[in-house]
Protein chains: 2
Amino acid sequence: MKIALCQINTIVGNIEYNKSKIINYYNRAVKDGADLAIFPELSLIGYPPLDLVEKKEFRLASTKALYEVASQTGNTGLLLGTIAEGDDNIGTDIHNSAIFCYDGKVQFLQHKSLIPNYDVFDEMRYFDSAKSIYVHEFKGEKLGISVCEDIWNDADYWYKQRYSYDPVKELIIKGSEVIINISASPYSYGKRESRKNMLSVLCKTERVPLAYVCFVGAQTELIFDGASMCFDAEGNLVKLGKAFREDYFIFDTKEKYMPIKTSEGSFEEETLNALIFGLKEYCEKQNFKKVIVGLSGGIDSALVTYIAVKAIGTENVHIILMPSKYSSEGSIKDSEKFIKNLGISYSNVSIQSVVKETLNALSPIITEEPKKIVEENIQARIRGVYLMAVSNQFGYLLLATGNKSEMAVGYCTLYGDMAGGLGVIADVYKTDVYRISNYINKEKEIIPKEIIDKVPSAELSPGQTDQDTLPPYELLDNILKMYLEENKEYEEITSIIGDGEVVRKVLRMVDNNEYKRRQAAPALRVSTKAFGYGRRYPVVQGWRR
Amino acid sequence: MKIALCQINTIVGNIEYNKSKIINYYNRAVKDGADLAIFPELSLIGYPPLDLVEKKEFRLASTKALYEVASQTGNTGLLLGTIAEGDDNIGTDIHNSAIFCYDGKVQFLQHKSLIPNYDVFDEMRYFDSAKSIYVHEFKGEKLGISVCEDIWNDADYWYKQRYSYDPVKELIIKGSEVIINISASPYSYGKRESRKNMLSVLCKTERVPLAYVCFVGAQTELIFDGASMCFDAEGNLVKLGKAFREDYFIFDTKEKYMPIKTSEGSFEEETLNALIFGLKEYCEKQNFKKVIVGLSGGIDSALVTYIAVKAIGTENVHIILMPSKYSSEGSIKDSEKFIKNLGISYSNVSIQSVVKETLNALSPIITEEPKKIVEENIQARIRGVYLMAVSNQFGYLLLATGNKSEMAVGYCTLYGDMAGGLGVIADVYKTDVYRISNYINKEKEIIPKEIIDKVPSAELSPGQTDQDTLPPYELLDNILKMYLEENKEYEEITSIIGDGEVVRKVLRMVDNNEYKRRQAAPALRVSTKAFGYGRRYPVVQGWRR
């Protein structure tokens, strides 16, 4: 069977756009003599649709579009993902389905069986589980059709199973000769290789070929890398779609292909590409032509600027320098060097007079000497006012430049440096900001060495450095990764780190700053556990170690 | 059987605090000769614990505390809610349980069967469903024990069921002589009466008495009203706990009580009480002694100020007036009158010089005449800078004063009037802000008539009124309620309103401003559908009517 994998980028809610794209790719597959064209999970309505699914008019529009797509089909099959409503009166009665069309009609529906409801997934909020599973025979071949999570519960691969049932095993028992999985799987580094290994074990164990088509695109914070995969019945990866862009290719289950060894590059390469793609997608889908960045002279805003240039082009990135009396001479010089390296436009406007006027105006209320933190925050917030004014005036998207380490411990100012529409590196630890910056510089110095080598400082008071307040970043990030990513707690982390005091301090800082993060911009997700949607931590709570 | 209903206020995560409180109330029940003391859902760990449940050390601490509680028990039963771990290797293997202790030991566990996963509930993220249900015999009486949602699936009451199974019916079939439900049910107006009616139908139909104990307290945005209820076997409500405060009372299933007719006051009374309680709880649990409010002369900030005074006392509320050249003379005069009525302290600091200096500083970038919106936003944001400076200097909580109508359509400024730690009335429509304000004034003019009668205006440019940009509030709120609360869509709303253009405009405004609300302060929830946690709408999306 010749299967055309249509790794398309769709827009949540834009059913008309998605429908046209599906029909276009289907027609290409027909022209290429494919037996079957397959599209990602929920491709007709976009993934994740969230509460749009709860709207009846939205569901009706999706059904109408499905029948329009089906009406365009001939004897080449078309398998797409969309929602399907059931006919009983219990539960949501809505399914996340793979729908098979040919000869002008919807011919077969397979609802998703395993409904993920962890981390960034809320699918049980919307979808009921399939009640039954069938193998669908098409052109003399028995197809085992599954949706995303359905394939992630293999007892041969996982030590602990999330679900008591394995729908793919049932498809195999029922005689599937080819397994198809339509998917939308958010990216974090390492997931592609892990998926490859899991699917390889399945194919090898069951002696069955597999076509896995995955959504590519970004949806606010979630980044879907595409990288669709096909395996032969020996478990070899034999086809691999492009990462972070649309792709289309044909997999012939009867043909012999050369095995592909690896699916994923280095952490630095993949994460950088994911961030560039995530920002590009946000700008395109939200219709922002240009962005602004407040460049401080530090490494975080420099990395964000580089990502922006790669995402939407040199001419669409505008830099604002906003020095104060605490800005080091180097900050401006280094920034200008960096700006020259990239060839981007910039403006320089001091915050000094406005900060002074603000402190002056507030002197009837803040009669004592203002606390250090107050003066620091006023500076950060006046910068926020400047950047948002430029954003409002010209319609540019303001990029937030905070990294994950600062967001974690609250080393950032609400409405100040936290201002912005998208947190570009808010899911990247500070030590990884360095790794990625060095990777960018590996052939040529793009980010000036002075910026990379500089002692990290917010430059909000004289001689201030981050390490006045925080543990060294290597240690901090080590603790944060265990706490956030691996869900380790005080006792376990202390047994590894040794110093219980620093662990307690860091965990408290993370917990106590939940209120700040609740008001943070959405952050491009590139780790296994990002702040925001996938981490639901109480603001008010009294859990203490 | 004499059942002591212990309607206690617990703190999420503060297991030690909750444990002590449970033991204290248990001892009181023992002294009162109760057979059994019952406590709300998850009372030992607090509700909702969110991702704390995923921490192993947290679960271990909760188990330890449970055994400590159990060890304190004698022959009076103690039924509390906490988490319990299972012993298989599939799923989360964690349960939301009702745990029955006496004679120093844990004697019986009944896990929750129906796991809510809609609106603000994410329980399937954490909890597996009970595999079985048993009636527990205690002191010769067969007790049917259930947890919260378990009792919300009665086919005799609901037109559409969420679940295919009714655990309470099973408890009755298995011979329960008394039904007990331990609960944590967030409040919105009308829910108490609706709950009363549902429970009444159950008791009447099944000829069984019922004791329903509900958590009282607020957890960031969620407000739990308490108002525990007991019913006789004729379906009469015979005991009703206090709303919005801790309570304790004894229900003797053998005694004859007078029926109680209504459980809920007027919309204005209940909503006002809920907001006062919600704010009080946030301040107490987050350890804020004082709050500040920026009083604009409009009705929203006036209502927030009144709520703050009722929540934490006159002496703990500080007002900042921040006039600009666009502030009407009335604004300051009316504000001062209101401040006098309440007897609170205030400061007056103009924003004029800082706004002017900001525009001046930005003139090298914003070389053309700044757009109206830019100047308006700068004013709002400088006010934000002032308020946050005072908040940072003195450690006061800044209250955000936006109402639900403005939050819905984005008629508010990010980092400006949206600044603050808690959105006190962000779930109250503008027309309801008027209703509640008039209710406050019903005996005596507290909020000056001038403030209530004034044409709504942000006063950010000359002669500006809200209705320059928005439909009249009566119409706007009507559309918003259908769209947000009733999940109606364009066609249906238009068929009721008549004017499709205004409906389309409003729905677009709501959808297009999701990005702003993602950065809003948590909002006290008093409606059936609040922005924030319970409404998950994509920021990037293309659903158009």
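Observations on the model:
- Contact surface A-B: accessible area buried, both sides summed, square angstrom, 1.4 angstrom probe: 8200 Å²
- Counting only lysines at least 8 places from B:Lys505 when in the same chain, those with an alpha carbon closer than 16 Å to its own are B:Lys481, B:Lys488.
- Within the stretch A:194-342, percent of DSSP bridges classed antiparallel, to nearest 5: 75 percent
- For chain A, the fraction of 1.4 Å probe accessible surface lying on carbon and sulfur atoms is 50 percent.
- Per-residue mean of foreign Cβ neighbours for A:285-294 is 1 (Cβ atoms of other chains, 10 Å radius).
- Taking the DSSP bridge list for the protein assembly as shown and keeping only pairs wholly inside it, about 55 percent are antiparallel.
- D_trans [Stokes-Einstein, Kirkwood Rh over alpha-carbon pairs] for the stretch B:19-155, 20 °C, 1.002 mPa s, µm² s⁻¹: 139 µm²/s
- Think of the stretch B:321-406 as a dipole: +1 on every Lys or Arg Cβ, -1 on every Asp or Glu Cβ, centred on the Cα centre; then among B:Ser324, B:Ala389, B:Ile339, B:Ile339 lies furthest on the positive end.
- Candidate lysines - alpha carbon under 24 Å from B:Lys105, same-chain residues fewer than 8 apart omitted: B:Lys2, B:Lys19, B:Lys21, B:Lys31, B:Lys56, B:Lys64, B:Lys131, B:Lys139, B:Lys142
- Calculated FRET value between B:Asn287 and B:Lys64, using beta carbons and R₀ = 22 Å, to 0.05: 0.30
- Solvent-accessible surface of chain A, taken per residue with a 1.4 Å probe and all protein chains present: 35 Å².
- Over the stretch A:135-200, the reciprocal of the mean inverse Cα-Cα separation, the Kirkwood hydrodynamic radius, stands at 12.9 Å.
- Highest-first packing order for the peptide set A:221-233, B:507-519 is A:221-233, B:507-519, based on the mean count of other beta carbon atoms within 10 Å.
- Cα long-axis angle, helix B:191-206 against chain B (0 to 90 degrees, to the nearest 10): 20 degrees
- Helices in chain A, meaning DSSP H runs of at least 4 residues, each add -39500 (n - 2.57). Divided by all residues, the mean residue ellipticity at 222 nm is -11000 deg cm²/dmol.
- Accessible-area order (highest first, 1.4 angstrom probe) of the listed residues B:Tyr189, B:Tyr537: B:Tyr189, B:Tyr537
- Across the stretch A:130-184, the mean sequence separation of Cα contacts (distance under 8 Å, 6 or more residues apart), normalised by length, yields a relative contact order of 47 percent.
- Among beta bridges that DSSP assigns inside chain B, antiparallel share in %, nearest 5: 55 percent
- Expressed as a whole percent, the proportion of Cα-Cα pairs in the protein assembly as shown lying more than 54 Å apart is 19%.
- The alpha carbons of the stretch A:303-367 give a radius of gyration and a Dmax of 15.9, 48 Å, in that order.
- Crossing angle, helix A:267-286 versus chain A [Cα axis fit, 0-90 degrees, rounded to tens]: 90 degrees
- For chain A, the convex hull drawn through the C-alpha positions has a volume of 177 cubic angstrom per residue.
- Separation in nanometres of the label points that stand 7 Å from Cα toward Cβ, at A:Glu368 and B:Glu329: 4.0 nm
- Three-way shape call for the stretch B:90-211 based on the alpha-carbon gyration tensor, with the a/c threshold at 1.5: oblate
- Contact order relative to length of the stretch B:466-545, as percent, for alpha carbon pairs under 8 angstrom and 6 or more apart: 25 percent
- Computed over chain B: relative contact order in percent, which uses C-alpha pairs under 8 Å that are six or more apart: 11 percent
- The stretch A:433-497: C-alpha gyration tensor shape, a/c 1.5 cut-off, then a/b vs b/c: oblate
- Listed residues B:Trp543, B:Trp158 arranged by accessible area, highest first, probe 1.4 Å: B:Trp158, B:Trp543
- Student exercise, chain A dipole from Lys, Arg, Asp, Glu Cβ charges, in Debye to nearest 20: 620 debye
- Aspartates and glutamates with Cα under 15 Å of A:Lys254, excluding same-chain neighbours fewer than 8 positions away: A:Asp35, A:Glu141, A:Glu177, A:Asp232, A:Glu234
- Using alpha-carbon coordinates, inclination of helix B:500-512 to the longest axis of chain B, degrees: 80 degrees
The values are calculated or read from the model by the stated rules, or taken from the named source; none is laboratory data. From a predicted model like this one, the values you see are computed outputs, not experimental measurements. Please note: Cβ atoms are built from the backbone with ideal geometry, for glycine as well, and neighbour counts cover all protein chains shown. Heads up: the accessible areas ignore ligands, DNA and RNA and are worked out on the full protein's heavy atoms, side chains in. Shrake-Rupley method; radii C 1.70, N 1.55, O 1.52, S 1.80 Å.
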